[in-house]
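To keep things clear, I will list the structure first and then write my remarks on it.
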Amino acid sequence: MTLAVLYTFRRCPYAMRARLGLLLAQCNVEVREITLRAKPPQMLVASPKGTVPVLVLANGEVIAESLEIMRWALTQADPLELLCQQSPAIEDKMAQLIAQNDQQFKPWLDRYKYADRYPEQTQAYYYQQASHFLLQLETCLGQPPFLVADTPRLADYAIVPFVRQFAAVDLKHPLSDDFPRVDAWLNRLISSDIFIRAMEKYVIWDASHSPICLLGDV
């Protein structure tokens with residue numbers, strides 16, 4: 001049986017998001033770890049924009065957006081009911097949070113992480129701008145331990161790779177100082193078995209000699 005193929009880069013938060021979705025849906029896919037400095041031509045043929053993740057389905061269809069990969073996987077199987085399809089209100093809230101993460105938080109996160117590339121403002125300024133979204137998450141976590149429910153849902157897994165990246169920028173300024181609930185939520189998720197599996201290390205894929213490697217099967 002031909003497997004779907006996932007091109008991924010371990011440290012990319014978008015790729016983390018895709019791997020989480022596929023693992024949560026228990027999708028059996030071949031994983032191809034790449035290096036951004038030498039992207040394999042097979043990936044560039046499938047998705048000329050050259051960004052990860054890229055999922056090539058067995059029928060040749062290509063999905064090259066992380067959230068779309070998550071949603072595709074969970075429509076195949078959603079054993080933990082992460083999509084919350086029985087609750088339109090929760091679905092809407094999750095969609096809003098993910099959109100804010102992608103459209104508002106991520107650009108400020110990039111500026112905070114790579115402040116030397118954006119000398120128009122200070123790193124502290126970029127921290128404050130990114131913090132508006134984290135404050136919203138802090139409020140969401142005021143009652144349930146996760147963003148929309150008592151257990152993790154799609155929004156938690158879609159957002160946590162980016163908050164993890166934010167927290168790692170300046171270890172001298174712990175996330176817990178300003179956002180203790182977000183910090184507890186982050187640590188709960190990144191210490192989970194599913195996240196640990198999503199962060200397993202794979203050898204860089206090479207078409208000439210790399211064996212087939214299944215996601216989560218290292």
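Nothing in this text is a laboratory measurement; each read-out follows from the coordinates by a stated rule. What you see is a predicted model; the values in this text were computed from it and never measured. Neighbour counts are summed over all protein chains in view; Cβ atoms, including those assigned to glycine, are modelled from backbone coordinates with ideal geometry.
On the given criteria, is Leu22 under 17 Å from the mean Cα position of the chain (by Cα), surrounded by 13 or more Cβ atoms within 10 Å (Cβ to Cβ) and not in a strand (DSSP E or B)? Judged against the criteria, Leu22 is a match.
Return a yes/no flag: does the stretch 139-155 have any residue that is assigned to a helix (DSSP H, G or I), surrounded by 17 or more Cβ atoms within 10 Å (Cβ to Cβ) and more than 15 Å from the chain's Cα centre (by Cα).
Yes; the residues of the stretch 139-155 include at least one that is assigned to a helix (DSSP H, G or I), surrounded by 17 or more Cβ atoms within 10 Å (Cβ to Cβ) and more than 15 Å from the chain's Cα centre (by Cα).
If you go through the stretch 33-45 one residue at a time, do you hit one that is within 21 Å of Leu154 (Cβ to Cβ) and not hydrophobic (A, V, I, L, M, F, W, C)? No, there is no match, as no residue in the stretch 33-45 is within 21 Å of Leu154 (Cβ to Cβ) and not hydrophobic (A, V, I, L, M, F, W, C).
Is one or more of the residues making up the stretch 86-98 under 26 Å from Ala15 (Cβ atoms), in contact with a helix residue (DSSP H, G or I) (Cβ under 7 Å, 6 or more places away or on another chain), small (Gly, Ala, Ser) and outside any loop (DSSP other than H, G, I, E, B)? For the stretch 86-98, residues under 26 Å from Ala15 (Cβ atoms), in contact with a helix residue (DSSP H, G or I) (Cβ under 7 Å, 6 or more places away or on another chain), small (Gly, Ala, Ser) and outside any loop (DSSP other than H, G, I, E, B): absent. The residue that is nearest to Leu154 (Cα to Cα), counting only those in the stretch 194-218 that are surrounded by fewer than 16 Cβ atoms within 10 Å (Cβ to Cβ) and of a type in the set (Ser, Thr, Tyr), is Ser210. For the stretch 176-188, the condition holds for no residue, the condition being that it is assigned to a loop (DSSP other than H, G, I, E, B) and surrounded by fewer than 18 Cβ atoms within 10 Å (Cβ to Cβ).
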